[in-house]
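*Asks:* Here it is, the structure in full.
The values are calculated or read from the model by the stated rules, or taken from the named source; none is laboratory data. If you're wondering where the values come from, they're calculated on a predicted model, not measured in any experiment. Using ideal geometry, Cβ is built from the backbone for each residue, glycine included, and neighbour counts are taken over all protein chains shown.
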């Protein structure tokens, strides 16, 4: 993999993926991952006062963008590594992405998941063939549990949710597709909004758009109360969230920005916006009514930021990433009600 040194201010010795690695990832996942569409709605354009394209990653395998990075990492394991299997920790979407990718390549998978993760995500992870180990995210460390599982399983490969070069490159294929498809439509995005937790998807898209559409301004979007990326950018270094749970946007509750992802995102993001759970739920309902998409709250925060005017388009063109659609049925009913 082609690597570059981290930018000034990053941790010493840190190396980061480049756009060349995203191109390599695109070749690796081609024919396995779905090339998801860019969708438009006249109702959405009218609601926000501009032109909006929605990157529908809810239509990706396992229901979110996470499959891209997971498959790009896991498909590169050699025969011995595949026999030893993989270990991951996740609240649900990365869990399903890893489980799905591991099943394709024939590797056993163990996923460490919080006990308060949506039941649907836990059930889907098990249905994909993975063993699930539950933990209390308020009192236990998922990293420590994963390390213990790896030791017990004879050195299984850890597949991190975001701070991994292959994972970031895989997620970056999302941005590559956005830029290529816009070019094919003769369109140019003024802004791109992306749900942001640990920052892997945001970092991959940032690398892709910097190379293919450098004039596009990039914004992350987080849930209120879990704005570690916004506070980290303001502080100039990574800071943690004060709590680990308490939002319907369960996909976006990472403890803090990743070391690698923050080094990529810090110089490339124009800002980070926040939305409430109720605003995210309203976006879930809007996506279902007008786009015919099922989006989970965490996957709908970028759309919510536009619908609530957190970023005003004023005639410009935007891309919003609908990053995941693995919504708990009760939450979906609440959104629609």
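*Asks:* Being within 16 Å of the chain's Cα centre (by Cα) and closer than 30 Å to residue 135 by Cα is the requirement here; does residue 208 meet it?
*Replies:* Here the answer is no, as residue 208 does not meet what is asked.
*Asks:* Another question, then. So, residue 128, is that one surrounded by fewer than 23 Cβ atoms within 10 Å (Cβ to Cβ), under 22 Å from the mean Cα position of the chain (by Cα) and closer than 27 Å to residue 330 by Cβ or not?
*Replies:* yes
*Asks:* If you don't mind, there's one more thing I want to ask. If I ask for residues that are in contact with a strand residue (DSSP E or B) (Cβ under 7 Å, 6 or more places away or on another chain) and either at positive phi or crowded, with 24+ Cβ neighbours inside 10 Å (or both), which ones from the range 292-312 would you list?
*Replies:* Residues satisfying the conditions are 295, 296, 298, 299, 300, 301, 302, 303, 304, 305, 306.
*Asks:* Could I ask something else about it? Yes or no: residue 112 in a strand (DSSP E or B), buried (at least 20 other Cβ atoms within 10 Å of the Cβ) and not assigned by TED's automatic domain parsing to the domain that holds residue 329?
*Replies:* yes
*Asks:* Please tell me if residue 211 is touching a helix residue (DSSP H, G or I) at 6+ places or on another chain (Cβ under 6 Å) and either assigned by TED's automatic domain parsing to the domain that holds residue 20 or closer than 27 Å to residue 327 by Cβ (or both). Show your work before the answer.
*Replies:* Numbers: touching a helix residue (DSSP H, G or I) at 6+ places or on another chain (Cβ under 6 Å): yes; either assigned by TED's automatic domain parsing to the domain that holds residue 20 or closer than 27 Å to residue 327 by Cβ (or both): yes.
Yes, satisfied.
*Asks:* Okay, next question. Could you check the range 197-213 and list, in sequence order, the residues that are part of a helix (DSSP H, G or I) and crowded, with 23+ Cβ neighbours inside 10 Å?
*Replies:* Those that are part of a helix (DSSP H, G or I) and crowded, with 23+ Cβ neighbours inside 10 Å: 200, 201, 202, 203, 204, 205, 206, 207, 208, 209.
*Asks:* Separate question: Out of curiosity, is residue 261 in contact with a helix residue (DSSP H, G or I) (Cβ under 7 Å, 6 or more places away or on another chain) and assigned to a helix (DSSP H, G or I)?
*Replies:* yes
*Asks:* Would you mention how many residues in the range 313-333 are surrounded by fewer than 17 Cβ atoms within 10 Å (Cβ to Cβ), in contact (Cβ under 8 Å) with a residue 40 or more places away in the chain and either in contact with a helix residue (DSSP H, G or I) (Cβ under 8 Å, 6 or more places away or on another chain) or closer than 25 Å to residue 119 by Cβ (or both)? Explain how you work it out, then say what you get.
*Replies:* Keep residues of the range 313-333 that are surrounded by fewer than 17 Cβ atoms within 10 Å (Cβ to Cβ), which gives 314-315, 329-330, 333.
With the extra rule that they be in contact (Cβ under 8 Å) with a residue 40 or more places away in the chain, the set shrinks to 314-315, 329.
The next check asks that each one be either in contact with a helix residue (DSSP H, G or I) (Cβ under 8 Å, 6 or more places away or on another chain) or closer than 25 Å to residue 119 by Cβ (or both); those that pass are 329.
Qualifying residue count for the region: 1.
*Asks:* Going by the conditions given, is residue 35 in a helix (DSSP H, G or I), closer than 30 Å to residue 105 by Cβ, modelled with pLDDT of 95 or more and in the same structural domain as residue 288 (by TED's automatic domain parsing)? Step through it out loud before you land on a result.
*Replies:* Details: in a helix (DSSP H, G or I): no; closer than 30 Å to residue 105 by Cβ: yes; modelled with pLDDT of 95 or more: yes; in the same structural domain as residue 288 (by TED's automatic domain parsing): yes.
No, not satisfied.
*Asks:* To continue, here is another question. Taking the condition of being surrounded by fewer than 20 Cβ atoms within 10 Å (Cβ to Cβ) and assigned to a loop (DSSP other than H, G, I, E, B), how many residues in the range 214-240 meet it?
*Replies:* 8
*Asks:* A further question follows. Right, residue 268: in the same structural domain as residue 185 (by TED's automatic domain parsing), closer than 22 Å to residue 214 by Cα and modelled with pLDDT of 95 or more or not? Give the steps one after another, and end with the answer.
*Replies:* On the way: in the same structural domain as residue 185 (by TED's automatic domain parsing): yes; closer than 22 Å to residue 214 by Cα: yes; modelled with pLDDT of 95 or more: yes.
Yes.
*Asks:* Taking only the range 161-180 into account, find how many residues are more than 16 Å from residue 15 (Cα to Cα), more than 12 Å from the chain's Cα centre (by Cα) and assigned to a loop (DSSP other than H, G, I, E, B).
*Replies:* 0
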